[in-house]
Amino acid sequence: MPVTLVSDLRAAGCVFAEEEAAELVCAAQRAGRGAAWLERAVAERVAGRPLELVVGEVVFGGLRLVVAPGTFVPRVRTELLAELALEMLPAGGRVLDLCGGVGAVAAVVAARRPDVTVVSADLDERATACARANLAPYGSRAQVHTGDLYAALPPTLHRAFDVVVANAPYVPTERIAAMPREAREHEPRVALDGGADGTVLQQRVVAGAPDWLVGDGRVVVECAPAQLPVLRDALGRAGFTAEPREDDERGAHAVVGRGGMIG
């Protein structure tokens, strides 16, 4: 490992400088990018661009997925959404990955369950372009749509899903300024800002879910623990009962809505 590469990263404040240096070198070798690319990549990382956006890839749920500048980088904690979807999907089921970004949750579900259909939707065209690349290996059982929440979907998908999962933006607006520089400066604000209390988009996801779920379908929303009371109320208004789920190892929290009403 080049010593100067590691020292440059460490001087820039990269806590895991040696690991990041190794990833940059491997990324250069994987794509045959060469020394010039590596030099530019180190400069971008030193300037604060997230490592995943520098190399154009992120490892999520055991898959290596495409990400691009200006897209939200999937977090390890969101793997909980994929695992919950896998747990709840019946044979031959269908899952909607709403606010799906680069299609990370949908890709993990599709990879592990060849019997199911996955649909990913997001407002950001840059993200859905990546999602199409990430879901391409799964052919006709994977779809990607661009638009505002459920408005992205064709009417033919009404009440067609067994599970809706959503990593909707849930950072309260006033806390955006306190987020790490990598997120504030290099990820789209629309993928971070959840409104005054962080639940604005989450509540819209929950309210609209009954129109898109089969009668006994489930809605699963990633959240912060402090948001659970608001989401419990929102789920109740939509005809669901709320079941908090968590993964301490990943620092992940979600709430599952069961028993949605159709009507």
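Which residues, counting only those in the stretch 216-238, are open to solvent by less than 50 Å² (accessible area, probe 1.4 Å) and closer than 19 Å to F161 by Cα?
Passing the criteria: G217, V219, V220, V221, E222, L235, A238.
Please list, ordered by first then second residue, the pairs with beta carbon atoms under 9 Å, 6 or more apart or interchain, first in the stretch 151-179 and on the phi > 0 side of the Ramachandran plot, second β-branched (V, I, T) and outside any loop (DSSP other than H, G, I, E, B).
So the pair list comes out as R159/V214.
Of all the residues that make up the stretch 1-59, how many are more than 27 Å from G101 (Cβ to Cβ) and among the charged types (D, E, K, R)?
Residues meeting the conditions: 4.
Give the stretch 177-203 a look and list any residue that's among the β-branched types (V, I, T) and modelled with pLDDT under 95, or say none.
If the condition is that a residue be among the β-branched types (V, I, T) and modelled with pLDDT under 95, then V190 is the only one that fits.
Go through the stretch 63-82 and give me each residue that's in contact with a Pro (Cβ under 8 Å, 6 or more places away or on another chain) and without any contact (Cβ under 8 Å) to a residue 40 or more places away in the chain.
Matches in the stretch 63-82: none.
Yes/no matrix, rows are residues, columns are (1) in contact (Cβ under 8 Å) with a residue 24 or more places away in the chain; (2) crowded, with 18+ Cβ neighbours inside 10 Å; (3) under 24 Å from the mean Cα position of the chain (by Cα):
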{"position": "E20", "(1), (2), (3)": "yes, yes, yes"}
{"position": "E23", "(1), (2), (3)": "yes, yes, yes"}
{"position": "A43", "(1), (2), (3)": "no, no, no"}
{"position": "V46", "(1), (2), (3)": "yes, no, no"}
{"position": "E52", "(1), (2), (3)": "no, yes, yes"}
{"position": "G61", "(1), (2), (3)": "yes, yes, yes"}
{"position": "L84", "(1), (2), (3)": "yes, yes, yes"}
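Being under 15 Å from L81 (Cβ atoms) and assigned to a loop (DSSP other than H, G, I, E, B), is that true of even one residue in the stretch 218-235?
yes
Do we find a residue being more than 24 Å from E83 (Cα to Cα), at pLDDT 95 or above and open to solvent by 10 Å² or more (accessible area, probe 1.4 Å) anywhere in the stretch 204-212?
Looking for residues that are more than 24 Å from E83 (Cα to Cα), at pLDDT 95 or above and open to solvent by 10 Å² or more (accessible area, probe 1.4 Å), one finds none in the stretch 204-212, hence no.
Anything in the stretch 143-172 that is closer than 22 Å to P90 by Cβ and open to solvent by 20 Å² or more (accessible area, probe 1.4 Å)? List them, or say none.
Hits for the stretch 143-172 are Q143, Y150, T156, H158, R159, A160, D162.
The values are calculated or read from the model by the stated rules, or taken from the named source; none is laboratory data. Since we're looking at a predicted model, the values are computed, not measured. Ideal geometry is used to build each Cβ from the backbone, glycine not excepted, and the neighbour counts take in all protein chains shown. We work out accessible area using only protein heavy atoms, side chains counted, and drop any ligands, DNA or RNA first. Shrake-Rupley method; radii C 1.70, N 1.55, O 1.52, S 1.80 Å.
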